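Heads up, the thing below is written out as structure tokens.
Every number in this text was worked out from the coordinates using simple rules, so none of it is lab data. Treat the numbers as computed from the prediction; the structure is a model and nothing was measured. All Cβ positions, glycine included, derive from the backbone under ideal geometry; neighbour counts span all protein chains shown.
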Amino acid sequence: MLDQDGMFEALALRRKKSTVLESQPMDIECVSLLHDIHSSNISNYNYRGYTILGQNDKYREIKMYHALGPKRSLALLMWHALTGCDPTLSFRGRSKKMAFNAWKKNPDSVTEAILQIMEKPFMEIDMGSYELKHLDSYMIILYSATVGDKINGLRRKIFYHKYQNPEIMPPTQDCDLQHCKRAVFQASIWAMSHKSKMKPRNPSKYGWNVKENILFELSYKLEEMYHALGPKRSLALLMWHALTGCDPTLSFRGRSKKMAFNAWKKNPDSVTEAILQIMEKPFMEIDMGSYELKHLDSYMIILYSATVGDKINGLRRKIFYHKYQNPEIMPPTQDCDLQHCKRAVFQASIWAMSHKSKMKPRNPSKYGWNVKENILFELSYKLEE
């Protein structure tokens, strides 16, 4: 089994002789294929790639060049770096097989864009680049069958869709740009590996943040989100997310994140001020008479009804008696809502204090949780009423 250094040594010593490389990393297959394309006469093509399907000496021979064709063989390095290798991340929820099938759906424009990059190693791309435009279109095909969307627009669709998993979505436009830069950087290093002397490049121009000779991914900028939300709602976002549903807390039945956000926009000031009061005092203990709960309840009423001024239990009664309303989709009871808000305060406070090296342990039973044998169960409502 060879690593990359051993592969380069074998290829350098090979001259006109054929060399068999047995390796697990796909990087070696891609680099050796490109090396053979540059150094061999394709009519006398000598390269053989093996995929191990079973055990011992059971191999299946795959003629990579003839299967891919001349253009995609040259584009393979960049495609491999783009869809995930050791130095670059893969796309969450999208395997190599899915990425290759997406490439086959729209091969020409994507392949041509990649070939432009491979012809000019260490090309610097930006938001207006021809190459990035077509790599973005490939990303959209990878995450959706719809062609013509923008990446941020597709993220919005997936986030609002009832049956889509919002955790598996494409990166933001800016994050995608940084990822493509890293892919260009890595593919260019591979493409130039047959050169004896290669000019050093600055990784900070290719989506990397360099600190003490260690590379960290430069992923995305939060300025756009901050300006879209404004300073107050940006600070209130953690509590709003915990309130409207996250991993530890439940969402409101029949009310998506989009509906919850639209309700927030209808009455932003009082709700945002109440949330900011909570965020300023992490692990605040709220009760039925709290100023904060009063405004969170008003937000809940707007979320389930356009009428302002009702009480939660009164709104539940209206929905239950209404002829055309679904009684299964109604707000929680007043007491259940209190416990839910307590859990949201608890979770948002943990997030807000996550930058502290030492955080004082809190008792979850004060924040809407019932603790049994170190397992948390939701304390939802009381039956006394």
Sorted on mean Cβ neighbours within 10 Å (highest first), peptides 190-201, 132-143, 254-265 come out as 132-143, 254-265, 190-201
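For a 26 Å ceiling on Cα separation, which of these pairs sit above it: Lys105/Lys133; Lys71/Lys133; Lys205/Lys356; Lys97/Lys257; Lys281/Lys356?
On the way: Lys105/Lys133 17 Å; Lys71/Lys133 19 Å; Lys205/Lys356 32 Å; Lys97/Lys257 32 Å; Lys281/Lys356 15 Å.
In this structure, Lys205/Lys356; Lys97/Lys257 lie more than 26 Å apart at Cα.
In what sequence do Phe122, Phe377 fall when counting other Cβ within 10 Å, fewest first? Write down the numbers at each step before the final one.
Working: Phe122 18, Phe377 10.
Arranged by neighbour count, lowest to highest, Phe122, Phe377 become Phe377, Phe122.
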Report the one residue of Leu293, Trp264, Gln339 whose Cα lies farthest in the direction of the positive end of the charge dipole of segment 225-378 (charges on C-beta: Lys and Arg +1, Asp and Glu -1; origin at the Cα centre).
Trp264
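In a shell of Cβ-Cβ distance under 12 Å around Lys133, excluding Lys133 itself, what net charge do Lys and Arg (+1) and Asp and Glu (-1) give? If you can, show how the numbers build up before the last one.
Numbers: positive: Lys150; negative: Glu112, Asp126, Glu131, Asp136, Asp176.
Taking every Cβ under 12 Å from that of Lys133, the sum is -4.
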Step through the table entries Lys96/Lys157; Lys157/Lys372; Lys104/Lys181, compare each Cα-Cα distance with 31 Å, and write down the pairs that go over it.
Lys157/Lys372
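Shape of segment 225-378 from its Cα gyration tensor (a ≥ b ≥ c, root eigenvalues): rounded if a/c is under 1.5, otherwise prolate when a/b > b/c, or oblate?
Details: a/c = 1.95, a/b = 1.31, b/c = 1.48.
Oblate, because a/c is 1.5 or more while a/b does not exceed b/c.
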